[in-house]
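Read-outs throughout are calculated quantities, based only on the coordinates presented, and are distinct from any laboratory measurement. Keep in mind the model is a prediction, meaning the values are calculated, not measured. Every residue, glycine among them, receives a Cβ derived from its backbone with ideal geometry; neighbour counts consider all protein chains shown.
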Amino acid sequence: MTHHQHQACIDACIQCARACEHCRSACLEEREVDTRKECIRLDHDCAEICWTAAAFMSRGSRFMEEICLVCAEVCEACAAECEKFQDDHCQQCAKMCGRCADKCRRMAGATV
């Protein structure tokens, strides 16, 4: 596992976390906020695990594979929820989550 592969995954996690934080804030402002409760919850969880995964990889933690696998699962759930909404922020978030899930699975698979 090269440092470069870590870096690509770290970057994907940070971009995903930022997209989730943005999506969460934007969803809270939407008129039909009640229909978005799960999206808002998952955005929060996903941002949190993405920041955490980036930190674990940055310090080369021996737990980073496990964290990345959990991160991929949360990203996939968040992507599936965000895809239900047509807003740009939800669609962008879904895209970033999908990309991050893919990178995290590859990162974990390459090192386990």
Points 7 angstrom from Cα along the Cβ direction at E73 and E48: gap in nanometres? 1.5 nm
On a C-alpha basis, how far is the centre of the range 57-86 from the centre of the range 1-51 in Å? Whole number, if you could? 9 Å
Under a cut-off of 26 Å between alpha-carbon atoms, report the lysines in cross-link reach of K37, not counting same-chain residues fewer than 8 places apart. K84, K95
Could you tally the net charge around C78, taking each other residue with its Cβ under 15 Å from the Cβ of C78, Lys/Arg +1 and Asp/Glu -1? -1
Which residues among the range 12-36 fall inside the zone where the amide N is under 18 Å from a point 7 Å beyond the Cα of D87, along Cα→Cβ? 16-36
Max mean-square fluctuation residue, GNM over the chain, Cα-Cα springs under 10 Å, options E38, E48, E81: E38
Using Cα-Cα distances under 8 Å and only pairs 6 or more residues apart, what relative contact order does the chain have, in percent? 34 percent
The list [x] 32, 30, 25; [y] 45, 18, 18; [z] 42, 25, 24 gives values of Cα extents along the principal axes in Å, and only one came from this structure; which label was calculated from it? [y]
Quick one: go through the range 61-96 and flag any residue whose amide nitrogen is under 13 Å from the point 7 Å out along the Cα-to-Cβ line of H22. 88-96
Any DSSP H helix in the chain with Cα axial reach of 20 Å or more and mean Kyte-Doolittle score of at least 0.0? Listed by number, the hits are 37-58, 64-82
So which aspartates and glutamates pass the test for K103, namely a Cα distance under 20 Å, with those fewer than 8 places away in the same chain ruled out? D11, E21, D43, D45, E48, E65, E66, E73, E76, E81, E83
